[in-house]
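Here's the structure, in structure tokens; my notes come after.
Derivation of every value follows stated rules applied to the coordinates shown; laboratory data play no part. On a predicted model such as this, the values are computed, not experimentally measured, just so you know. Note that each Cβ is placed from the backbone with ideal geometry, even for glycine, and that neighbours are counted across all protein chains shown.
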Amino acid sequence: RTIYYRYARDDRIQFLTHFDAPNVQECYRRHETIAPQQALVMANSKMVLVRAGELAAAIVREVGAADLPPVRAAFIASAFERALSRPPADEERRRCEAALAALTAVFAAEHDSDPPARARASLVHVLLNHNDFITVR
């Protein structure tokens, strides 16, 4: 989903090399490729984890931080709209609500400083790894 970025011969973005970034001296047409390291980069990249946290924080500023069902539902709807450009299906919404509640409990048991925030960032991280985010149709 990158539209604008600086990419020069001497200033390549390492992250994009896993996604067959074009050679700056050739045409910018990319051929479709599927490689396992692409999924691993999206799942494990520090950049993606940080951006997931930032996106979750931006959504919290929009919908609120209370760990209540209506706020969680609004968070999920906004996260889907921002990451996937669509609302969640009913089943997706139910699963996300259950995941947020379960993750909050897990992070609370680990004595995390802010379990709901970490759970929200984890949910956004999952959405950034969703096939609808990765694949342009």
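Using only alpha-carbon positions in the stretch 94-137, the gyration tensor eigenvalues give semi-axes of 25, 11, 6 Å once each is multiplied by 5 and square-rooted (largest first).
Counted by Cβ distance under 13 Å from residue 108, the other residues give a net charge of -3, where Lys and Arg count +1 and Asp and Glu count -1.
Direction-averaged projected area, Cα convex hull, the stretch 54-137: 5.3 nm², rounded to one decimal.
Quick one: net charge of residue 64's neighbours, Cβ under 15 Å, K/R +1, D/E -1? Neighbourhood net charge equals 0. Evaluate the Debye formula for the stretch 76-117 with equal point scatterers sitting on the alpha carbons, no solvent, and hand back log10 of I(q)/I(0) at q = 0.17, 0.24, 0.34 Å⁻¹, in q order, two decimals. Those come out to -0.52, -0.78, -1.02, one per q.
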